[in-house]
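Comments concern the structure below.
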Amino acid sequence: MPVPHALDGLPRPPCAELLGWEIVEARPTDGWIRIRFEARPEFTNPAGFIQGGFLAAMLDDTMGPAMFIYGEGRVFTPTIDMHVSYLAPARPGALYGEGQVIHAGKSIAFLEGKLTDLSGVVVARATASARLVPTEKALGTAA
C-alpha cells in the first residue's frame, strides 16, 4: 500500500510532464523518493544517447521532490548548486531516479540523487544544495 505524501493530488508541472515524471515509491520520513522518467528519443544527442542536460534535469526533479515530501509540502527547494557525474550512456526508455535528503537545516538542504536504467546500471549521480523556501512564499500566496 502506498505511503501518503505531500505530492499526492498535486498536478505535475510542465517540466515533469516533458520528462515523463511519475512517482514509483516514496518514504517521506526517510526523505527518500523513487521516480520513473521516460527518456524520449527527442532527448538524444547525435550519438543516440540521452543528452546530459536532460539527465541533470531528471536528477534535479528527483532530489527536490525528496525534500518536498520530507518537509511535508511546507518548503520548496530552489537549487543553489548541483554537481552531476555522468557514469554511463543512457538510451531512450525508462530511467529511474532515487532522491535522498542527506541533511536539512533551517534554510539549506543537502541532497543526493542517482539515475539508473532498466537493468540497474547507474547512468548518473548528483549532489545538490538547495534553499528551503516556505511553499506560500515560493508560490506567491503568502499574505
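Each reported figure results from applying straightforward, stated rules to the coordinates on display, with no laboratory input. On a predicted model such as this, the values are computed, not experimentally measured, just so you know. In this analysis, Cβ positions are derived from the backbone assuming ideal geometry, glycine residues included, and neighbour counts consider all displayed protein chains.
Which three numbers, in whole Å and largest first, are the semi-axes of the equivalent ellipsoid of segment 1-79 derived from its Cα gyration tensor as √(5λ)?
Over the Cα atoms of segment 1-79, the ellipsoid semi-axes are 25, 12, 11 Å.
If the chain between Glu38 and Lys106 were fully stretched, how many nm would it gain, using 0.36 nm times the residue separation less the Cα-Cα distance?
Stretched fully, the Glu38-Lys106 segment lengthens by 21.1 nm.
So between Lys137 and Arg27, what do we pick up on full extension, going 0.36 nm a residue minus the alpha carbon distance?
Gain on extension, Lys137 to Arg27, equals 37.1 nm.
Could you tell me the center-to-center distance, by alpha carbons, between segment 1-70 and segment 77-121 in angstrom?
If we compute the Cα centre of each part, the gap is 9 Å.
State to the nearest 20 debye the size of the charge dipole of the chain about its Cα centre, where the only charges are +1 on K and R beta carbons and -1 on D and E beta carbons.
Once rounded to the nearest 20, the dipole reads 200 debye.
Once you have a ≥ b ≥ c as the square roots of the Cα gyration tensor eigenvalues for segment 81-143, tell me rounded if a/c is under 1.5, and otherwise prolate or oblate according to whether a/b is larger than b/c.
Taking the square roots of the gyration eigenvalues as a ≥ b ≥ c, segment 81-143 is prolate.
Taking 0.36 nm per residue of separation and subtracting the Cα-Cα distance, what length does fully extending His83 through Ser119 add?
10.5 nm
Please work out the ratio of the alpha-carbon Rg of the chain to 2.2 N^0.38 Å and round it to two decimals.
1.02
Check which residues have an amide H placed less than 5 Å from Arg91's amide H, if you skip close sequence neighbours.
Answer set, sorted by chain and number: Ile50.
Between Glu17 and Ala94, what is the spin-label point distance in nm, taking each point 7 Å from the Cα along the Cα→C-beta axis?
According to this spin-label approximation, the distance is 2.3 nm.
Using alpha-carbon pairs under 8 Å, 6+ residues apart, how would you state the relative contact order of the chain in percent?
Relative CO of the chain lands at 24 percent.
Which order results if Met82, Met58 are arranged by neighbouring Cβ count within 10 Å, fewest first?
Met82, Met58
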